[in-house]
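Data first, discussion second: the structure below is written as structure tokens.
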Amino acid sequence: MSSNIRIQRICGYCGNEFEARTTVTQFCGDACAKKAYKAKQKAAKIENSNQETRRIIAMPIEEIKANEFLTIPEVSKLIRISRRTVYRLIEKGELKAGKLGRRTIIKRSDIDRIFEQPKH
Ligand SMILES: [Zn+2]
């Protein structure tokens, strides 16, 4: 690649015009390249999460019931409450949860226990 070329390009992040030295340069500078990279990572994370949600929405309830260990979205679908509510139950100590790496895992038997406990 020759460094003598000057190509007018539009930054893929901020949209400003800049002079690129190579034909593969996408961003006007390091700052934009870094921000674009972060945005891409974030988008990938959201896409992963959306995929996970779609997978669980499509999953028959019987299949969820058959698991002894459940994730938050699975618990949310199983007892038809929002994920936020599941998190709140865990925070309040009403629902036991374990951490496996970054995932929160709930035992199905612990869910059953909530309904067995006499309240007040
Ligand atoms: Zn830029």
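The values are calculated or read from the model by the stated rules, or taken from the named source; none is laboratory data. Fair warning: this is a prediction, and the values are worked out from it, not measured in the lab. Backbone-built Cβ (ideal geometry, glycine too); neighbour counts: all protein chains shown.
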If the Cβ limit is 8 Å and pairs must be 6+ apart or interchain, which residue in the range 17-40 that is under 19 Å from Arg6 (Cβ atoms) pairs with which residue that is in a helix (DSSP H, G or I) and within 12 Å of the ligand (Cβ to nearest atom)?
Gln26/Ala33; Gln26/Ala36; Phe27/Ala33; Phe27/Ala36
When Ile106 is evaluated against the numbered criteria (1) aliphatic (A, V, I, L, M); (2) modelled with pLDDT under 95; (3) more than 16 Å from the ligand (Cβ to nearest atom); (4) surrounded by 11 or more Cβ atoms within 10 Å (Cβ to Cβ), which criterion, by number, is the only one it fails?
(2)
Show me the strands (runs of 3 or more DSSP E) found entirely inside the range 1-72 where at least 2 residues are touching a Lys or Arg at 6+ places or on another chain (Cβ under 9 Å) and away from the ligand (no atom under 16 Å from the Cβ).
69-71
